[in-house]
Structure formats: C-alpha cells, structure tokens
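Working notes for the structure below.
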Amino acid sequence: MDMKFPLKFGDAVQYELGEAAFHHIVSGEMTDRPTKTAAGAVVEKVLAGGLHTYDGWQAFVSQHPKIVHLLQFRFGVDDGWWFARELQNGVITLKIPRRLFNRGAANITQQPDTHYKSGYLWKTLFPRTYSMDDIVKAIDEALGKIDHELSDELSAAKPDGVLYGYTAVDDPFTAMLLRIQVRGNQIMSAFPAWDQPLTGNNGKPYSHVHSISFQIAESVVDCTTFERAYGPVFPDQRFDLGALLATTPEFIKTRRRRNPGDLVNVRHEARGRELNRFAERATPADLDVIDAYLADYPCAKDPFATQLAVYTHFLAEMDRDLAIFNAAQVTENVGECLWVLSFCDERFNTRRAVEAIVRFLGMALVHTGGLNTLMFKALIGDMVSLAMDHADPAALHDVLAALASSPCRAAVYTEFDLMPYVRQRDGEKFDPSAPIEMVLTVDHLLEFLAFNLGENYLLIFDKEDRLKFARSFFDFHDQWRLAGDVMSKLAGRDFDFFMPTVLNLAKLDTQTPPEEEDLNDIVYDYSRMMVMMRQRIVLEDPVAYSTKPKDIDKTKPGYEDLIRQKFKYFHVRLMHGQMLEEAKAYADRVGYAKLSKSCEDAINRLPKERVPLPKSIPDYIVSWRHKLDRDHPLFVARIEDIFDQALDEGQ
C-alpha cells in the first residue's frame with residue numbers, strides 16, 4: 001500500500017496522521033523487558049501502546065509461544081491466555097494477559113474500566129476485513145460524523161482531547177463508533193470504541209460482565225481453529241464414550257437414578273451419606289483415580305461440551321445404561337469428586353482437593369446460553385465452601401487467589417435471585433437469610449436467561465419476546481433434555497448470593513487471610529456485577545419502578561406482581577449493601593486499608609452507580625436510522641429519563 005504521510009483529515013483538513021501514529025494503530029509500539037526464566041535471562045517484547053488490528057496482534061503474540069488462546073490454555077503448562085470476540089459490525093474486543101503489557105500501557109486501560117468505558121487489559125480492534133485503506137477511510141469519515149455529546153470540546157485553549165465519530169453508518173450491521181485521540185492537529189491514535197452504536201439487540205455498551213466473562217460462542221474469533229481437546233476421552237480430537245466410561249470413578253457410575261418424585265434436598269442428603277461412606281474407606285489408589293479423572297480434559301477444561309456431546313449423540317444409550325447417564329453428568333461429578341478429596345485430605349493430610357480446584361479455576365471454559373453459567377455458579381460456590389471448611393488453613397487463600405483471575409469467575413458472580421419466586425404467607429415476616437427450598441425447572445432457567453440477555457434486549461423487547469430468544473438457545477442441538485436434567489438436580493442453596501452468603505468473610509477465623517489484592521479484585525468484580533443486576537431489574541419493568549407507592553391501587557389486578565417486581569430491586573440492593581459492609585468490616589479487622597477504602601467508596605456510590613445504556617447514532621448524523629418510522633422501538637425511548645426516575649424511586 002502506497003501512502004504519503006502525513007495524511008490529512010477533517011472538513012477543513014485540520015488533522016494530520018503521521019506514519020508513526022499509523023504504525024501505532026496498526027502494529028502497536030513494543031519495548032524490551034528483561035525476564036528471568038528457568039533457562040536463564042531473556043528479553044521479551046511487550047506492548048507499550050496501540051495495536052488495533054488482528055493481524056498486528058497475531059504478529060505480536062507469535063513472539064510468545066507460551067501465551068495461547070483460552071481454548072487451548074492448560075494450567076501449569078502454558079504461561080498465559082488471550083481471548084477475542086467479534087461484535088456484529090466486525091469490531092473485535094481482545095483480552096491480553098497482563099504480562100504482555102508494560103506498566104504504563106496496562107495502567108492506561110485501568111481508568112476506562114473504572115468509568116465504564118472499556119475493560120482493564122482489553123483492546124478493541126478494527127474488523128479483520130478492513131485493509132489499511134479501509135482504516136484510513138474510516139478515520140476520515142468518523143471525523144466528519146462527530147458525536148458532540150460524547151466528544152471533548154476542543155479549542156485553542158484546550159487543543160488536546162478525544163473525539164468520537166461514526167463510520168459505515170448506512171447499514172446497521174456495519175455502523176461503527178471510533179475513538180480518535182488528538183493532540184493539537186495531530187491524530188495520536190484511532191480505534192473502535194467499546195461502546196458500539198445501538199442497532200436493536202446489538203451495539204452493547206461497556207458493562208463489567210464483558211470485562212470478566214469469556215463465554216465460548218460462535219462470536220469467539222477463530223473458535224474452531226483454537227479448539228484443542230486432549231486426553232484419552234478425545235483421541236484425535238474425537239469424543240470417545242467408552243473412554244469417558246473407563247475414566248469415570250466407579251462410585252460415580254453406580255449412583256442411583258434420580259426419582260422425579262424425590263425432594264432435591266432429601267436426595268442430596270442421601271447422596272451425601274453415600275459419599276461419606278465411600279470417603280471413609282477410600283484408599284490412596286482410589287484417590288489417584290479421582291485425581292486423574294479431575295485432571296483430564298472433560299473435568300478440568302470443558303465439562304459442558306463433554307456433557308452436551310453425550311446428550312447430542314448418545315441419548316438413547318444414556319437412557320438404557322445408568323453408568324452412561326451418570327458419566328455424562330460431568331459438572332455434578334466434579335463436585336462429588338472434590339467433596340471426596342476434601343474429606344480425604346483431612347484423613348491423609350493432603351491437598352488434593354485444593355490443587356484440583358485451583359487447576360479448574362485456572363482454565364475451565366464457560367459456554368454461552370445460561371445453562372453452563374448456572375451449573376458453574378453452583379459448582380464454584382461449592383468449591384469456595386469446601387475451601388472454607390478445608391483442614392488446611394491456607395486452602396481458602398489459594399482458592400480465592402485462583403478465583404480472582406479465573407476465566408470462569410463471572411459465573412459465580414452472576415446471581416439468580418430466587419426470593420421473588422417464594423410466596424410469603426399472609427402476615428409472614430420476610431427473612432432474607434432464610435434458606436430457600438423450591439423445585440427448580442426449565443422455566444426458571446428461561447427466566448434467568450431472558451433476564452441476562454443484556455440491556456439491549458431489556459430496552460427493545462418485551463418479556464415474551466425475550467423468553468422466545470431464551471427458548472431458541474435450547475433448540476440448538478436440542479438441549480431441552482439436558483436443561484431439564486440439570487435443573488432437576490439443582491437446589492435453592494445452589495443460588496445463595498456469593499457474598500455475603502457463600503463467601504462469608506465474617507466467619508473467617510482460623511484460615512490464612514486471602515491476599516488483599518485478590519480479595520479487593522473479587523469484591524470489585526462482584527460489586528460491579530451487582531450494580532449491573534440492579535440496573536437490569538429496573539430495565540426489566542421500568543414502569544413498575546417509575547410508579548410511586550402512593551399511586552398504586554391495591555385493589556386492582558396485578559398489584560401483587562408489581563410489588564414483587566419492586567421487591568426484586570430492594571432485595572438485591574439489600575444484599576449488595578450488606579456485602580460491602582461485611583467486606584469493609586473484614587478489611588478493618590485484618591488491616592487491609594486499600595480494601596477498606598475501596599468498600600467505603602463503593603458504599604458511597606451505591607445509590608447512584610450505574611452502567612451506561614446503549615446509545616444510538618444521533619439524529620443529526622444521517623444514517624440508516626433515518627429510514628425507520630418514528631415510532632420504531634429505537635426511536636421510542638427516552639429510557640434515560642425513565643431510568644433516572646426509577647433509580648430515584650428505588651433509593
């Protein structure tokens with residue numbers, strides 16, 4: 001490509017893009033960092049800034065063979081992982097491990113995360129289809145379609161700042177928002193913003209769930225290229241049912257078939273007694289079998305895909321053979337094996353369970369669709385509980401260190417509040433700490449998924465439409481049977497709030513305190529997930545939250561449903577505030593000043609903190625939106641006004 005620098009842009013040709021700045025955008029700026037390895041001292045190339053093309057990323061990461069895609073990553077084998085997802089308009093969001101940034105470049109990504117602009121250690125890349133010429137044309141067009149509300153107001157007195165502009169606006173599937181950083185008349189950098197324009201169910205703004213969630217879906221860049229199953233159950237990348245049966249421990253395969261008439265809690269108690277009897281007589285050789293099982297690909301890396309493979313291809317065999325059915329329940333099996341190992345760790349003064357949990361948290365994959373999230377929420381919650389009760393005082397310290405940076409941590413931070421499903425008897429006082437006992441069904445799963453589709457769906461589609469979208473997930477590979485079997489196993493306790501219920505810091509006494517940085521990261525991530533949840537509850541039914549209590553007619557139909565909807569917000573708000581108060585109390589008790597200050601700041605922000613809502617291309621910029629009728633859903637919504645009113649009502 002022949003380009004003559006500097007390139008000129010702007011309606012008055014007032015901006016210049018130099019060759020160095022263009023290289024910064026396309027290939028990034030690198031610096032050398034001396035690093036000690038087992039083989040001796042080496043010099044590594046690390047990122048000092050820029051890099052907003054996928055080709056540039058591939059060229060850079062190829063210099064780091066021990067940094068691999070999350071799909072390929074193996075705990076204890078590789079040094080780190082990266083992850084990339086593609087948005088509808090082709091923009092790529094890329095998570096890069098901290099070790100590949102220098103300190104300055106890493107810190108630059110922290111402030112935007114704090115202010116809900118983009119994720120910590122994430123980059124946004126131009127679409128893979130964009131040539132160098134396309135990037136230049138996109139910058140040029142964006143400078144002619146500036147979003148005045150988002151952009152800094154530049155002047156002779158303040159010539160430096162950030163401009164936001166749109167490109168490819170004639171089609172909702174290509175429309176893109178660029179962030180352009182200028183210093184005087186010089187363009188220093190330009191790249192896609194994280195907040196892409198609202199185009200219906202796409203164009204999501206930055207939300208913390210996007211920063212800590214790495215769900216496997218078709219939108220993962222080169223997903224099929226990087227899939228690398230390994231071990232005896234996947235010889236030559238092909239699933240072997242016989243091998244799964246052979247490697248599954250015998251006490252799992254002989255588990256009694258579920259009776260649909262049994263209460264879940266009763267069934268759990270009976271199974272607990274069976275596991276206890278097995279653990280009391282288990283030999284080190286038995287535990288070696290469990291260790292090997294938990295370390296293999298189906299359990300350590302991708303339980304959901306393995307389970308889905310059996311349900312998809314061997315459903316008839318599974319119905320005929322109890323051993324196959326039990327072997328297929330991989331996530332449930334992981335939990336039971338960990339329980340046995342934890343019991344035996346006390347018998348033999350070992351740490352088998354802790355090591356297996358840390359390995360799982362370091363590499364396990366979560367698939368999109370909601371079901372895998374609920375399965376992992378229950379499982380990881382049990383892992384934390386096992387660590388809290390483990391004979392080794394350092395167990396919780398090590399498990400929380402793994403959780404703080406786990407690629408699957410968003411699952412346990414995603415709450416499914418069951419309290420609104422529990423009907424209080426007349427005159428019965430509400431007790432938020434009371435255990436919930438209820439039968440969970442696929443209908444509950446659909447409600448969970450419809451709620452968690454995201455802000456766009458909550459804004460644009462009504463509840464019935466959202467439920468239709470949710471049902472469509474389970475039509476893929478006919479996952480209805482799998483969903484039914486999984487939900488029939490789960491109990492109310494599996495959805496206790498992560499904090500302060502599962503990780504109850506007030507109960508920590510003899511355990512080795514977690515590292516302050518790890519606990520601070522956990523509280524930060526979880527608190528922001530709770531902010532998102534509270535906001536989505538309001539968006540789910542903004543009319544309910546904009547209705548003042550004095551205006552509610554208790555005699556009209558729907559009164560009870562309206563009150564329950566309002567209660568959702570207040571219950572989550574209560575649990576969020578309690579979590580922060582207890583985390584601060586623990587921080588003060590152990591002398592963690594940074595954590596204490598973070599909790600105090602979060603408590604002060606609690607009433608008004610919110611996640612940015614999706615933003616359409618402004619009306620003053622001619623785009624595909626001008627082809628819509630004015631009563632189209634994308635034009636209806638002064639949703640910001642409704643939301644502000646609802647938040648005021650919810651104080």
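The values are calculated or read from the model by the stated rules, or taken from the named source; none is laboratory data. None of the values given here were measured: they were computed from a predicted structure. Every residue, glycine as well, gets a Cβ built from its backbone with ideal geometry; the counts of neighbours run over all protein chains shown. In case anyone asks, the SASA skips ligands and DNA or RNA and just uses the protein heavy atoms, side chains included. Shrake-Rupley method; radii C 1.70, N 1.55, O 1.52, S 1.80 Å.
Looking at segment 78-94 only, could you name the residues that are assigned to a loop (DSSP other than H, G, I, E, B) and surrounded by 20 or more Cβ atoms within 10 Å (Cβ to Cβ)? Give the derivation first.
Within segment 78-94, the first condition is being assigned to a loop (DSSP other than H, G, I, E, B), and the residues that meet it are 78-79, 87-91.
Asn89, Val91 - these are the residues of segment 78-94 that are assigned to a loop (DSSP other than H, G, I, E, B) and surrounded by 20 or more Cβ atoms within 10 Å (Cβ to Cβ).
When you look at Arg267, is it assigned to a helix (DSSP H, G or I) and either under 32 Å from the mean Cα position of the chain (by Cα) or touching a residue at least 40 places away in the same chain (Cβ under 8 Å) (or both), yes or no?
The answer is yes for Arg267.
Can you tell me which residues in segment 391-406 are surrounded by fewer than 22 Cβ atoms within 10 Å (Cβ to Cβ) and either out of contact with any helix residue (DSSP H, G or I) (no Cβ under 7 Å at 6 or more places or on another chain) or more than 24 Å from Phe214 (Cα to Cα) (or both)?
Ala391, Asp392, Pro393, Ala394, His397, Ser405
Looking at Lys158, Lys137, Lys145, can you tell me which residue is in contact with an Asp or Glu (Cβ under 8 Å, 6 or more places away or on another chain), open to solvent by 20 Å² or more (accessible area, probe 1.4 Å) and of a type in the set (D, E, K, R)? Break it down into steps so the answer makes sense when it comes.
Numbers: Lys137 fails: in contact with an Asp or Glu (Cβ under 8 Å, 6 or more places away or on another chain); Lys145 fails: in contact with an Asp or Glu (Cβ under 8 Å, 6 or more places away or on another chain).
From the options Lys158, Lys137, Lys145, the qualifying one is Lys158.
Name every residue in segment 118-142 that is modelled with pLDDT under 95 and not in a strand (DSSP E or B), in order of residue number.
Listed by number, the residues that qualify are Ser118, Gly119, Tyr120, Leu121.
Can you work out which of the residues in segment 452-466 that are in contact (Cβ under 8 Å) with a residue 24 or more places away in the chain and not in a helix (DSSP H, G or I) is nearest to Pro197 (Cα to Cα)?
Looking only at segment 452-466, we keep the residues that are in contact (Cβ under 8 Å) with a residue 24 or more places away in the chain, and these are 452-461, 463.
The next check asks that each one be not in a helix (DSSP H, G or I); those that pass are 452-454, 461.
Working: Asn452: 20, Leu453: 17, Gly454: 15, Phe461: 17 Å.
Per the criteria, the residue is Gly454.
Does Phe498 satisfy the condition of being within 22 Å of Lys568 (Cβ to Cβ) and either open to solvent by 30 Å² or more (accessible area, probe 1.4 Å) or not aromatic (Phe, Trp, Tyr) (or both)?
no
Looking at segment 123-134 only, could you name the residues that are under 19 Å from Gln88 (Cβ atoms), polar (S, T, N, Q) and open to solvent by 20 Å² or more (accessible area, probe 1.4 Å)?
Matches in segment 123-134: Thr129 only.
Among the residues that make up segment 70-86, is at least one of them under 30 Å from Gly231 (Cα atoms), touching a residue at least 40 places away in the same chain (Cβ under 8 Å), of a type outside the set (D, E, K, R) and in contact with an Asp or Glu (Cβ under 7 Å, 6 or more places away or on another chain)?
yes
Go through (1) at pLDDT 95 or above; (2) in a strand (DSSP E or B); (3) surrounded by fewer than 16 Cβ atoms within 10 Å (Cβ to Cβ); (4) aliphatic (A, V, I, L, M) one by one and return the number of the condition Val68 breaks.
(3)
Look at Glu346 and say whether it is under 19 Å from Ala404 (Cβ atoms) and surrounded by fewer than 24 Cβ atoms within 10 Å (Cβ to Cβ).
no
Looking at segment 39-84, which of its residues are charged (D, E, K, R) and farther than 22 Å from Ser27 by Cα?
The answer is Arg74, Asp78, Asp79.
Please work out which one of (1) closer than 16 Å to Arg481 by Cβ; (2) open to solvent by 30 Å² or more (accessible area, probe 1.4 Å); (3) in a helix (DSSP H, G or I); (4) in contact (Cβ under 8 Å) with a residue 60 or more places away in the chain is the condition Asp319 fails and give its number.
(4)
How many residues does segment 587-620 hold that are buried (at least 19 other Cβ atoms within 10 Å of the Cβ), modelled with pLDDT of 90 or more and not in a helix (DSSP H, G or I)?
The number of residues fulfilling the criteria is 2.
Of the conditions (1) open to solvent by 60 Å² or more (accessible area, probe 1.4 Å); (2) within 30 Å of Gln88 (Cβ to Cβ), Asp262 clears all except one; give me its number.
(2)
So, of the residues in segment 380-420 that are under 19 Å from Leu294 (Cα atoms) and small (Gly, Ala, Ser), which turns out to be nearest to the chain's Cα centre (by Cα)?
Only one residue fits best here, namely Ser406.
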